[in-house]
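Asker: What follows is a structure written as structure tokens; I'll ask about it next.
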Amino acid sequence: MQLAFRLESEGSMTMANATQLEAALLNLVINARDAVAGRGAIEVHTRVVQMHGDAELEDGRYVELCVSDTGPGMPPEIAARAFEPFFTTKPESKGTGLGLSQVKGVAIRAGGTARIRSQIGKGMAVSLFLKALTPQAQSSASGDAPNAPYATTGHCRILLIDDDAHVRDALAELLRDAHYGVEAVAGGLAALQAIDRTVPDAVVTDQAMQGVSGVLLARVLSETHPRLPVIFMTGYNDADTLKAGLPTGTALLRKPVLFADLAQAVQAAIESASVVSR
Ligand SMILES: Nc1ncnc2c1ncn2[C@@H]1O[C@H](COP(=O)(O)OP(=O)(O)O)[C@@H](O)[C@H]1O
Ligand SMILES: [Mg+2]
């Protein structure tokens, strides 16, 4: 059995739960392994595709993650049901029928879908299409200077702090898409300067950063701007310990952050802050 990878990473940034995505990939490769039964080839392929007039998907760019194999393929009556939870053709001890339904769930939550292409006797491919994030390249070209913050239409202003430019740009773009005005900075010090210019409605910050860390920033803000909601993102596993060191009421999200969770936390924070200040 052969396992090969053909990974194109150019522009292939997406927003998905990393653990679930890993489980999906594992499910697909295990299915392919079962299908080739030791005598074939499996390939994992990633690339960016452009959708146009697709029946199911919005127009735009998607990251395709495809696992193909040279096994027997899937007859149409099985392909029609394969994504159903608990649908399996394997003996009870071998299959749960939950693999492909998990795969589809992950893809849908990343703004996409999953599809099967099968050629009976020759093999098949399952692709996840995950909505691609557009690179934030326009800001200098459009003359949108960094000191013209919150330039979007949103009435709620979010100050976003993350030292990872990829994460920062991706989250800023998603928040702007959700009609928030966003100013994004790379560290705690820049954040304090930005707040000095304009007080935002909420702060979303990473924890581990050079210089002024997220925790330090949150402590400072709890003194200087006690009613300003702070939402914390951390990659650490010890989120509970971290939470103990944070001012009470600080929301904490674990990285990789699901955008739906972030949007909900931001909304909840802004709403509760406006109730308090009334
Ligand atoms: N690569 C593949 N080649 C042929 N058939 C497949 C492949 N992947 C999945 N299937 C079919 O789809 C069914 C459902 O797959 P899945 O949801 O992963 O559940 P399970 O693997 O537990 O049976 C499998 O039982 C099998 O019939
Ligand atoms: Mg399976």
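Asker: For an R0 of 30 angstrom, estimate the FRET efficiency from the Cβ-Cβ distance between R254 and K122 and round to the nearest 0.05.
Answerer: 0.10
Asker: Using 7 Å Cα-to-Cβ label points, what is the D59/I30 separation (nm, one decimal)?
Answerer: Distance between the two pseudo-spin positions: 4.0 nm.
Asker: A further question on this structure: Could you work out the relative contact order of the chain, using alpha carbon pairs under 8 angstrom and six or more residues apart, expressed as a whole percent?
Answerer: Working: 516 pairs, mean separation 38.6, N = 278.
The value is 14 percent.
Asker: Which values of log₁₀ I(q)/I(0), to two decimal places, follow from the Debye formula for the chain at q = 0.07, 0.14, 0.17 Å⁻¹ with a uniform point scatterer at every Cα?
Answerer: Listed by q, the Debye log ratios stand at -0.34, -0.99, -1.24.
Asker: Could I ask something else about it? Just to be sure I understand the curve: with the Debye formula and one point per C-alpha of the range 2-131, what is log10 I(q)/I(0) at q = 0.11, 0.15 Å⁻¹?
Answerer: -0.36, -0.69
Asker: Which GluC sites (Glu not before Pro) in the range 28-123 pass both tests, a DSSP loop state and at most 12 other beta-carbon atoms within 10 Å?
Answerer: E56, E58, E92
Asker: Cα to Cα, under 26 Å, and not fewer than 8 places away if on the same chain: which lysines meet these conditions relative to K122?
Answerer: K90, K94, K104
Asker: List the trypsin sites (Lys or Arg not before Pro) in the range 24-127 that DSSP assigns to loop (not H, G, I, E or B) and whose Cβ has at most 15 other Cβ atoms within 10 Å. Which are they?
Answerer: Qualifying residues, ordered by number: R39, R81, K94, K122.
Asker: Work out the FRET efficiency for R227 and Q193 from their Cβ-Cβ distance, taking R0 = 22 Å, and round it to the nearest 0.05.
Answerer: With R0 = 22 Å, the Cβ-Cβ based efficiency is 0.65.
Asker: Next up: When Lys and Arg each count +1 and Asp and Glu each count -1, what net charge do the other residues less than 12 Å away from V167, Cβ to Cβ, add up to?
Answerer: Taking every Cβ under 12 Å from that of V167, the sum is -4.
Asker: While we're looking at this one, here's another question. Top to bottom by accessible area (1.4 Å), largest first, where do S222, S93 land?
Answerer: The residues order as S93, S222, largest area first.
Asker: Roughly how many nanometres apart are two label points built 7 Å out from the Cα toward the Cβ at S213 and T241?
Answerer: Computed distance between label sites S213 and T241 equals 1.0 nm.
The values are calculated or read from the model by the stated rules, or taken from the named source; none is laboratory data. As the structure is a computational prediction, the values presented were derived from the model and not from experiment. Glycine also receives a Cβ, built like all others from the backbone with ideal geometry; neighbour counts cover every protein chain displayed. SASA here: full protein model, heavy atoms, side chains in, ligands and nucleic acids out. Shrake-Rupley method; radii C 1.70, N 1.55, O 1.52, S 1.80 Å.
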